[in-house]
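Laboratory data are not the source of any read-out in this text; all were calculated from the coordinates shown. Bear in mind that the values here come from a model prediction, so they are computed numbers and not experimental data. Here the Cβ is made from the backbone with ideal geometry for all residues, glycine too, and neighbour counts use every protein chain on show.
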Amino acid sequence: MMLQGHFIDGLLDNAFRDNTDLTYNIWKYFRGITAPVFFTVSGFIFTYLLIGVPQKGMQNPRIKKGLKRGLQLIFIGYLLRMNLFAFLKGEIYNSFYLVDVLHCIGLSLLGIIGIYLLSQNGKKSLLPSLLIGVTVVLFLFEPIYEEWSFGFLPQAMGNYFAKVNGSVFTIIPWFGYTTFGAFMSVLFMRYKNFKYLYQYAITLCLLTGLSLIFFSSDFFSGLSELTGISVFEEVAMNNYLFIRLGDVFLVFAVFMLFRSLMTNSTVLKIGQSTLSIYVIHFVILYGSFTGLGLYRFFHHELSPTTAITGAVVFMIVSSFTALQYEKHKATLKLNISSTVRFVMLKLEPWYAYTHKLIKVNLSKILKSFGLIKN
């Protein structure tokens with residue numbers, strides 16, 4: 001969904017983006033499901049592993065792994081937005097500081113760890129209560145904070161909260177989907193030995209999902225009339241968060257319903273290689289590091305037939321390349337490490353220049369985050 005969505009959205013000619021066309025509208029609606037599912041599943045899997053070990057609190061080995069993973073995702077997010085040619089000239093483009101999916105998921109994992117540690121000395125119900133509470137607060141008050149520019153923060157930090165500078169995703173409200181996935185994982189962990197877990201879970205997901213999609217807007221309108229609180233009416237007028245949450249419930253129901261078909265080894269390997277797939281698709285489509293991606297050469301230029309055909313090929317190539325990378329990861333890392341050592345040895349005479357260049361660029365980055373003044 002991510003691969004074909006990014007490909008078609010980035011390369012399809014604007015002349016074919018017809019909102020009156022049923023096929024295009026169906027594609028557009030389903031494309032909008034991708035990110036909510038991505039965030040929710042990330043929170044679900046991470047928390048399921050986090051609470052699935054016997055150790056608690058800081059003794060939990062998953063804490064260290066989670067911190068490393070969260071910081072790694074944020075680092076990769078920035079790395080994918082770096083243009084090496086500009087960096088070597090001592091320039092850093094503004095797009096480097098924009099926040100995308102990896103930044104948000106990385107920060108969300110760190111947030112879940114914080115909530116987990118905060119709840120350790122409380123009752124069993126504290127963790128799920130905090131998780132669902134964060135989701136509800138972020139979703140309910142989105143009309144209020146959506147208008148905030150966060151101008152009091154350095155721009156690089158403000159990009160995590162506001163889209164005014166061009167960030168694709170922001171930690172608010174998207175952290176809400178991650179915490180909801182974490183909430184779901186707590187329920188699944190608590191009732192994993194229940195004989196009729198999937199029967200109940202599928203039914204509840206279907207009913208809750210359909211209710212959120214078709215009735216949540218009317219519910220918030222009625223709640224606004226009943227209480228006189230205007231924010232409920234504002235939620236009802238732009239109710240994409242709760243409707244998309246309903247879509248997430250339906251996706252969960254479908255995958256639980258067909259869970260026996262998800263045991264294919266290739267499907268499982270693809271599911272375990274999502275980060276590699278994301279990085280590879282970013283390089284091919286958007287031209288990370290070099291700026292020479294498909295987006296640069298075919299931006300909004302393809303016909304529907306070419307875009308659909310290209311999307312299928314793009315999905316196959318990205319997935320196949322990621323699987324090959326995962327298969328030979330150890331060897332590749334060793335070769336890359338050896339190559340880097342060799343290059344560093346040859347570039348030793350240039351050390352003074354490169355040291356100065358790195359120092360200048362690092363200073364620019366730290367200034368953008370308000371961490372240093374000069």
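Summary table
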| item | result |
| --- | --- |
| Most to least packed among 74-86, 39-51, 180-192 [average Cβ atoms within 10 Å] | 39-51, 180-192, 74-86 |
| Burial ranking of peptide ranges 232-238, 61-67 (average Cβ count within 10 Å, highest at the top) | 232-238, 61-67 |
| Gain in span if fully extended, K64 to V313, counting 0.36 nm per residue against the direct Cα distance | 85.8 nm |
| Computed lengthening from T227 to N19, 0.36 nm per intervening residue step minus Cα-Cα distance | 71.3 nm |
| Distance between modelled label sites at Q72 and F85, nm, 7 Å Cα→Cβ extension | 3.1 |
| Highest to lowest packing among 324-331, 276-283, scored as the average C-beta count within 10 Å | 276-283, 324-331 |
| Percent of C-alpha pairs per 20 Å bin, the chain, short to long | 23, 58, 19, 1 |
| Sites F215 and M1, calculated FRET efficiency, Cβ-Cβ separation with R0 22 Å, nearest 0.05 | 0.30 |
| Neighbour-count order for F289, F214, fewest beta carbons within 10 angstrom listed first | F214, F289 |
| Where a label projected 7 Å from the Cα of H300 along Cα→Cβ would reach, residues of region 9-50 with amide N under 12 Å | 10-17 |
| Listed pairs K163/K367; K124/K192; K89/K367; K327/K364 exceeding 27 Å between Cα atoms | K327/K364 |
| Neighbourhood net charge (14 Å Cβ-Cβ; Lys/Arg +1, Asp/Glu -1) for K124 | +3 |
| Stretch gain in nm, segment T274-K123, where the contour uses 0.36 nm per residue and the Cα spacing is subtracted | 50.9 nm |
| Point-to-point label distance, T339-V136, nm (Cα→Cβ direction, 7 Å offset) | 5.2 |
| Computed over region 195-257, the ratio Rg/Rh where both radii use C-alpha atoms and Rh is Kirkwood | 1.13 |
| Percentage, to the nearest whole number, of Cα pairs in region 1-128 over 26 Å apart | 45 |
| In nm, spacing of pseudo-spin labels at Y93 and V53 (7 Å Cα→C-beta vector) | 4.0 |
| Over the chain, relative contact order from alpha-carbon pairs under 8 Å, at least 6 apart, % | 25 |
